Amino acid sequence: MAWLEKTIGAANDIFYGYLLIIVLVLAGLYFTVRTRGAQIAMLPDQLRAVTEKPKDKDGVSSFRSLMVSTASRVGTGNIVGVATALCMGGFGSVFWMWVIALIGGATAFIESTLGQIYKKRGKEGSYGGPAYYIETGLKLKWLAILFSVILVLTYGIGFNMLASYNLQSTFKSYSFYNEAWTPWVIGGIIALLVAVCLFGGGKRILAVTGVLVPVMGLLYILVALVISLMNITALPGILARIFREAFDFSAIFGGFGGSCVMYGVKRGLFSNEAGVGSAPNAAASADVSHPAKQGLTQTLSVFIDTLLVCSATAFMCMTSGVEPSPSFEGADYVQAALSQTLGGFGPVFITVSMVLFAFTTLVGNLFYVNQAWSHLFGRVPSRTFNTVYYIVASLLVFLGAGLSASFLWNLADLLMGLMTVINIPVIILLGRYALRALADYRKQKKAGLDPTFCKESAGITAELDYWN
């Protein structure tokens, strides 16, 4: 295991040392300019798109698809990931998380609009994602298959094992916790609950995330706001420290691998997933009249995740007065910070939040895996295959609870990086169709119309499965 962890760590150093950061930032800036800052300028349209009802009474609404993508985004990374960034990269990492979210919103718009344009009709509604726009738009079936395989590995193994570990790690502060057996007991319980959801099918996943995500998100942000107000006198100094450390270039370039930039980008990407290629799978399931509507909806999901939920964790920790340190493992720092402010209620609140966040992440991730299986097999997998897969997926959740934190973080980061380096070049090549769709949407809105889509308006001459 040691050699595998070392190899994965070395690969991550290559990805996150400079390569992935440069790719993400340049792509985000490019799409921000080309969309004329749609992720910020079109916020009212984003809010309207979320509330739009599906055309078919049995169709998936924009809100439901938003909840699935948000369920995957809003998870343990919003608590443990942010705390890890603070402990390893300092307060300046928060600023770089914000940057990745703000420019990443434009990237999320492009990839999710493409997911809608190239989606397909199915018996239980529409479906699609990067594998479909790679195969249909670029005619590169081998690359589409490779992407689907990596997606299965990322969400079915990497992210879900990590979510399971992060969840059980929040119990370390309790007296009953025993390193030898507690992780396995908690892992078993999580695996059982996930199995119940999985055997209920995709509709069960949509129903669960549609209820839990908004409730837990609002409660978490509310508590964070209360804690920040309790320590309001510390806010000016904290904000000053964020910006001071974010632009401490001697520290950044003196040890880039452990800098606030690297940790801010790495944990920001892990949290909001803009450009990774996950959200288009959820975006494709929505029943909307124009692809740009779902692109705007998924842009909002990035902001909910990073600018609201990640910032909530950061300010809860930073205003507590507990100094971040590499000696903390992530969850330990959040619990110590909340204990300082809320006493005994703090660790309990974080434990409950982690349970809900991790659970919705697990089921949201496996929704994406279901989509990937459908692409790889060219149809919905058989009941026998699904039964075996659900059992294996549940066992992996169980296994993740007892493995090493550093190994699981490195594995998840590596797999996520592989998805990103495939998806970003693809959406740059196909981005013109999403940009034309946005121009068409704006034109129809300016004329006072409820935008509807025709593929010719985006300059697409190829046969599409859904929008012909």
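Only one of 306, 313, 299, 341 is more than 26 Å from residue 40 (Cα to Cα) and among the hydroxyl-bearing types (Ser, Thr, Tyr). Can you tell me which?
Unique residue meeting the criteria: 341.
Regarding residue 245, is this residue at pLDDT 80 or above and acidic (Asp, Glu)?
Yes, satisfied.
Can you name every residue in region 37-87 that is at pLDDT below 70, surrounded by 24 or more Cβ atoms within 10 Å (Cβ to Cβ) and part of a loop (DSSP other than H, G, I, E, B)?
74, 75 - these are the residues of region 37-87 that are at pLDDT below 70, surrounded by 24 or more Cβ atoms within 10 Å (Cβ to Cβ) and part of a loop (DSSP other than H, G, I, E, B).
Just name the residue that is farthest from residue 93 (Cα to Cα) out of those in region 312-332 that are open to solvent by 30 Å² or more (accessible area, probe 1.4 Å) and among the polar types (S, T, N, Q).
327
Failed condition for residue 372, given (1) open to solvent by less than 10 Å² (accessible area, probe 1.4 Å); (2) closer than 17 Å to residue 162 by Cβ, with all others met?
Going through (1) open to solvent by less than 10 Å² (accessible area, probe 1.4 Å); (2) closer than 17 Å to residue 162 by Cβ one by one, residue 372 breaks only (2).
Could you list all residues from region 88-108 that are in contact with a Phe, Trp or Tyr (Cβ under 7 Å, 6 or more places away or on another chain), farther than 15 Å from residue 242 by Cβ and open to solvent by less than 10 Å² (accessible area, probe 1.4 Å)?
105, 106, 107
Under 7 Å between Cβ atoms, at least 6 apart or on separate chains: pull out the pairs that start in region 440-453 with a residue that is under 15 Å from residue 295 (Cβ atoms) and end on any residue that is open to solvent by 70 Å² or more (accessible area, probe 1.4 Å).
That search, which allows pairs on different chains as well, returns 451/445.
Could you grab the pairs with beta carbons closer than 7 Å, sequence gap of 6+ or different chains, first residue in region 124-135 and under 14 Å from residue 427 (Cβ atoms) and touching a residue at least 60 places away in the same chain (Cβ under 8 Å), second one open to solvent by 10 Å² or more (accessible area, probe 1.4 Å) and among the aliphatic types (A, V, I, L, M)?
Matching pairs, first to second residue: 134/140; 134/143.
Here is a yes/no grid of residues against (1) open to solvent by 10 Å² or more (accessible area, probe 1.4 Å); (2) without any contact (Cβ under 8 Å) to a residue 40 or more places away in the chain; (3) among the β-branched types (Val, Ile, Thr):
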| site | (1), (2), (3) |
| --- | --- |
| 384 | yes, yes, yes |
| 407 | yes, no, no |
| 411 | yes, no, no |
| 416 | no, no, no |
| 420 | no, no, yes |
| 428 | yes, no, yes |
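Regarding region 449-465, can at least one residue be identified that is open to solvent by less than 30 Å² (accessible area, probe 1.4 Å) and among the acidic types (Asp, Glu)?
For region 449-465, residues open to solvent by less than 30 Å² (accessible area, probe 1.4 Å) and among the acidic types (Asp, Glu): absent.
In region 220-233, which residues are more than 22 Å from residue 352 (Cα to Cα) and open to solvent by less than 40 Å² (accessible area, probe 1.4 Å)?
Residue satisfying the conditions is 231 alone.
Looking only at region 391-405, count every residue that is of a type outside the set (S, T, N, Q) and open to solvent by 20 Å² or more (accessible area, probe 1.4 Å) and tell me the total.
9
Scan region 373-401 residue by residue and report those that are of a type in the set (A, V, I, L, M, F, W, C), assigned to a helix (DSSP H, G or I) and within 28 Å of residue 183 (Cβ to Cβ).
Once the filter is applied, which keeps residues that are of a type in the set (A, V, I, L, M, F, W, C), assigned to a helix (DSSP H, G or I) and within 28 Å of residue 183 (Cβ to Cβ), region 373-401 yields 388, 391, 392, 393, 395, 396, 397, 398, 399.
(1) within 30 Å of residue 327 (Cβ to Cβ); (2) surrounded by fewer than 21 Cβ atoms within 10 Å (Cβ to Cβ): which one isn't true of residue 120, the others all being true?
Status for residue 120: all satisfied but (1).
Report, by residue number, each residue of region 129-164 that is crowded, with 24+ Cβ neighbours inside 10 Å and at positive phi.
129, the sole residue that qualifies.
Residue 335 - would you say it is of a type outside the set (Lys, Arg), touching a strand residue (DSSP E or B) at 6+ places or on another chain (Cβ under 6 Å) and either open to solvent by 20 Å² or more (accessible area, probe 1.4 Å) or part of a helix (DSSP H, G or I) (or both)?
Here the answer is no, as residue 335 does not meet what is asked.
Limited to region 165-182, what total is found for residues that are assigned to a helix (DSSP H, G or I), at pLDDT 85 or above and either among the aliphatic types (A, V, I, L, M) or open to solvent by 10 Å² or more (accessible area, probe 1.4 Å) (or both)?
Looking only at that region, the number is 1.
Does residue 359 count as at pLDDT 85 or above and either open to solvent by less than 40 Å² (accessible area, probe 1.4 Å) or among the polar types (S, T, N, Q) (or both)?
Spelling it out, it is not the case that residue 359 is at pLDDT 85 or above and either open to solvent by less than 40 Å² (accessible area, probe 1.4 Å) or among the polar types (S, T, N, Q) (or both).
The values are calculated or read from the model by the stated rules, or taken from the named source; none is laboratory data. These numbers were taken from a predicted model, which means no experiment stands behind them. Because the Cβ atoms are built from the backbone with ideal geometry, glycine has one as well, and the counts that use them run over all protein chains shown. Note: accessible area is taken over every heavy atom of the protein model, side chains too, but ligands, DNA and RNA are not part of it. Shrake-Rupley method; radii C 1.70, N 1.55, O 1.52, S 1.80 Å.
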